[in-house]
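*Asks:* Below you'll find the structure I mean.
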Amino acid sequence: MSITYKYVITKLEVDTQNPELVTYIDGYRHGIDNETGKNFTVTFGAFLETDDPNNIIPYDDLTETTVETWLDAVITDKERQKLDLQIAQQIEEFNSNNEVKTPDHQTIRNLPW
């Protein structure tokens, strides 16, 4: 099983005193099995700190690449591996079972295509 992973950023929170200063990143980590197309996501949040509030990129000038660089700096390899493991385990279950039972006794079936 070969999985491609990526971060998807859904929201940025800013400081109440300085709306140019991003303090929190909200998003999810997405993984897709390159052979079967089965996929899964896990949500995450990451707090940001700055040592120099005078050296801030203006909010409107931020790019997705810049924010992803911040994520790489604050999410440790161990945390990223934990997210990826959760995704891989769920995709493996999707790939190996035609049906999955939920804790409340519902049945989730794989799509027929």
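*Asks:* Could you tell me whether any residue of the range 86-97 is farther than 24 Å from residue 19 by Cβ and part of a loop (DSSP other than H, G, I, E, B)?
*Replies:* yes
*Asks:* Do we find that residue 28 is among the aromatic types (Phe, Trp, Tyr), at pLDDT 95 or above, surrounded by 15 or more Cβ atoms within 10 Å (Cβ to Cβ) and closer than 30 Å to residue 110 by Cα in this structure?
*Replies:* Yes, satisfied.
*Asks:* Hey, another quick one. Looking for whichever is polar (S, T, N, Q), under 13 Å from the mean Cα position of the chain (by Cα) and assigned to a strand (DSSP E or B) here; the options are 23, 41. Which one fits?
*Replies:* 41
Conditions tested, residue by residue: (1) at pLDDT 95 or above; (2) of a type in the set (D, E, K, R); (3) under 30 Å from residue 109 (Cα atoms).
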{"site": "11", "(1), (2), (3)": "yes, yes, no"}
{"site": "22", "(1), (2), (3)": "no, no, no"}
{"site": "49", "(1), (2), (3)": "no, yes, no"}
{"site": "57", "(1), (2), (3)": "no, no, no"}
{"site": "73", "(1), (2), (3)": "no, no, no"}
{"site": "91", "(1), (2), (3)": "no, no, yes"}
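*Asks:* Go through the range 1-23 and give me each residue that's among the hydroxyl-bearing types (Ser, Thr, Tyr), without any contact (Cβ under 8 Å) to a residue 60 or more places away in the chain and farther than 17 Å from residue 57 by Cβ.
*Replies:* Once the filter is applied, which keeps residues that are among the hydroxyl-bearing types (Ser, Thr, Tyr), without any contact (Cβ under 8 Å) to a residue 60 or more places away in the chain and farther than 17 Å from residue 57 by Cβ, the range 1-23 yields 2, 4, 10, 16.
*Asks:* Taking the range 44-71, which residues are surrounded by 10 or more Cβ atoms within 10 Å (Cβ to Cβ), part of a strand (DSSP E or B) and in contact (Cβ under 8 Å) with a residue 24 or more places away in the chain?
*Replies:* 44, 46
*Asks:* Go through the residues of the range 95-109 one by one and say whether even a single one is modelled with pLDDT of 85 or more, surrounded by 11 or more Cβ atoms within 10 Å (Cβ to Cβ) and either within 30 Å of residue 13 (Cβ to Cβ) or of a type outside the set (Asp, Glu) (or both).
*Replies:* yes
The values are calculated or read from the model by the stated rules, or taken from the named source; none is laboratory data. These numbers were taken from a predicted model, which means no experiment stands behind them. Note that we place each Cβ from the backbone using ideal geometry, even for glycine, and neighbour counts take in every protein chain shown.
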